[in-house]
Structure formats: C-alpha cells, structure tokens
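Engineer: Following this message is one structure expressed as structure tokens.
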Amino acid sequence: MLTDKQVEQYREDGFLVVEEFVPARACDELRAHATALVEAFEPPEEVSVFTTHEQTRRSDEYFLTSGDQVRFFFEEDDTSTVNKIGHAMHDLDPVFERFSHTPELAAVAADIGMRDPVLLQSMYIFKAPFVGGEVTLHTDHTFLWTEPQSVTGFWFALEDATLENGCMWALPGGHRIPVKRRFRRADGGGTAFDELDETPYPQEGEIPLEAPKGTLVVLHGQLPHRSGPNRSPKSRHAYTIHAIERGAEYPEWNWLQREGLPRRGFQ
C-alpha cells in the first residue's frame with residue numbers, strides 16, 4: 001500500500017501524510033452520519049466537556065466509561081456545541097465500522113511494521129467554526145499506554161484541514177524523544193498524570209500538517225503533535241482511530257477500558 005520512500009519517511013519523521021487515501025464520497029457519508037447522530041442526541045442537563053487543558057478535573061464517569069460506548073463530548077468554551085463523539089463507534093455503529101475496517105488500512109498498518117494490530121478507540125472530531133477547541137501538545141502513548149509502546153494513530157481529514165481552521169502540527173523526529181507524561185486512572189477515583197520528565201517538548205521545528213479532504217495522516221504513538229483552535233468560519237471535521245499491537249500489555253490503570261468488547265483488527 002505504501003512505497004518504500006513513504007515507509008522510510010514515516011520512520012524518519014514519526015508521521016506520514018497520504019493524500020487521496022479516502023474517496024470524497026466516503027468522507028461525505030461519514031460527515032452526514034455524524035451530523036445526524038448529533039441532531040438525534042438529547043444532551044443531559046450537565047454535559048461532559050472535552051478539554052486537554054485540565055483533563056484530570058474533567059474526567060467524569062461519563063468519560064471514563066466511554067470505552068465501549070458511543071458518547072458525546074462538548075466544547076469547553078461553548079457547552080452547546082459538540083466537540084467530539086467517542087470512543088467505540090468503530091465497533092458499535094455500522095457506518096463507522098465500515099469506514100474503519102478495510103483491507104487498505106490493514107495494508108498500511110502492515111507496511112509501517114505493525115504485526116497484529118487491533119483497534120482500541122475511535123473519535124469523530126468536529127472542530128466547529130469559531131469555537132473549535134485547541135488540542136495541546138501531547139503524545140498518544142501518554143493516553144493509551146502499552147508495554148512496549150505500540151499505539152498508532154490513523155487520522156482522516158473529512159474536510160480540508162488548513163492553517164485557517166486548526167490543522168495539526170507535529171515535530172518531525174519527535175517520536176525519538178522519551179514520553180514525558182502518563183495518564184492513568186487514579187487510585188481514589190478520577191484520573192491523574194504521572195510526570196516522567198518535566199522538561200517541555202521542544203516546539204522549534206514544528207511543521208503544520210495541512211491535509212486536503214480524503215487525506216490519511218499516520219501518527220507514531222510517541223510523536224508530539226497538537227492542533228490549534230478553530231476561529232474561522234469553516235469547520236474541520238476529522239475521524240481518528242487508535243490501534244495497538246494485540247500482544248502488547250495494556251495496563252488496567254489505562255483510562256480507556258473496553259468491558260465486553262473484543263479487540264478486532266482492521267479486517
């Protein structure tokens with residue numbers, strides 16, 4: 001599925017941008033379906049807010065029990081606007097399942113060296129016009145810890161992702177830096193961060209990952225990446241899957257647990 005040059009680029013940079021990976025009609029189908037899910041959702045009086053600024057305080061039971069559910073999370077600055085849907089759509093929703101389990105994705109995973117990948121979580125991210133929230137610099141391994149490190153992100157641009165509407169940024173080669181934080185369930189309830197190295201990730205040398213509609217961005221689990229807020233009039237819908245190696249140890253203190261849902265591969 002990937003050329004030797006693309007595989008080498010992924011190993012060197014820790015990410016790979018593959019344009020025209022998903023047909024436009026598949027992007028449109030997923031967007032329409034996600035919009036219909038939001039329109040049918042009746043939010044409770046107290047909604048669950050997604051934020052990367054103070055996730056330990058915002059880790060409510062709704063969030064912590066979403067690993068085997070399809071749940072809705074709202075913007076920090078506008079709690080009437082949905083930020084994302086997560087975290088088991090790839091298992092529980094037929095439209096997301098069809099998008100997520102394909103031979104093409106299985107081939108990409110094999111090309112980058114994954115031996116027996118299984119899908120762990122999925123997220124639909126809206127990045128709404130004017131209020132789409134920032135995602136601060138982080139690594140996926142911090143939030144989905146395995147021994148050894150194995151988590152890999154598969155991020156799809158369902159609309160053009162640009163500097164204007166909050167595209168991702170990444171640090172080429174940053175996946176070689178040891179992970180600095182670990183996010184886990186706290187002993188007394190809620191969640192906590194273990195600080196492994198308090199020095200910040202370098203941001204000098206970051207580059208924007210502008211991605212036309214239909215692009216797949218593959219992200220190494222130790223790659224520092226982020227996205228800015230969307231203050232433009234254009235939305236930036238995206239869908240992302242995180243996969244891990246079946247044989248890797250997945251600790252019980254990871255925040256995301258999948259009670260009763262088996263881990264399935266891309267096919």
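The values are calculated or read from the model by the stated rules, or taken from the named source; none is laboratory data. None of the values given here were measured: they were computed from a predicted structure. Here the Cβ positions follow ideal geometry from the backbone for every residue, glycine too, while neighbour counts run over all protein chains shown.
Engineer: Of everything in the stretch 197-225, what is polar (S, T, N, Q), over 14 Å from Glu19 (Cα atoms) and at pLDDT 95 or above? Give them in sequence order.
Structural biologist: Thr199, Gln222
Engineer: Can you confirm whether Glu245 is farther than 24 Å from Gln121 by Cα, surrounded by 15 or more Cβ atoms within 10 Å (Cβ to Cβ) and out of contact with any Cys (no Cβ under 7 Å at 6 or more places or on another chain)?
Structural biologist: Here the answer is no, as Glu245 does not meet what is asked.
Engineer: Find all pairs meeting these conditions: Cβ atoms under 8 angstrom apart; at least six residues apart or on different chains; first residue within the stretch 169-184 and at positive phi; second residue part of a loop (DSSP other than H, G, I, E, B).
Structural biologist: Cβ pairs passing all conditions: Gly173/Gly14.
Engineer: Do any strands (runs of 3 or more DSSP E) entirely within the stretch 165-264 hold 3 or more residues that are more than 24 Å from Arg11 (Cβ to Cβ) and in contact with a Ser or Thr (Cβ under 8 Å, 6 or more places away or on another chain), and if so, which?
Structural biologist: Fully inside the stretch 165-264 and qualifying: 181-185, 191-195.
Engineer: Here is a further query. Please work out which one of (1) under 15 Å from the mean Cα position of the chain (by Cα); (2) of a type in the set (Gly, Ala, Ser); (3) surrounded by fewer than 22 Cβ atoms within 10 Å (Cβ to Cβ) is the condition Ala106 fails and give its number.
Structural biologist: (1)
Engineer: To continue, here is another question. Pull up the stretch 134-154, narrow it to residues that are touching a helix residue (DSSP H, G or I) at 6+ places or on another chain (Cβ under 8 Å) and not in a loop (DSSP other than H, G, I, E, B), then point me to the one that is farthest from Asn254 (Cα to Cα).
Structural biologist: Ranking the candidates gives Phe154 first.
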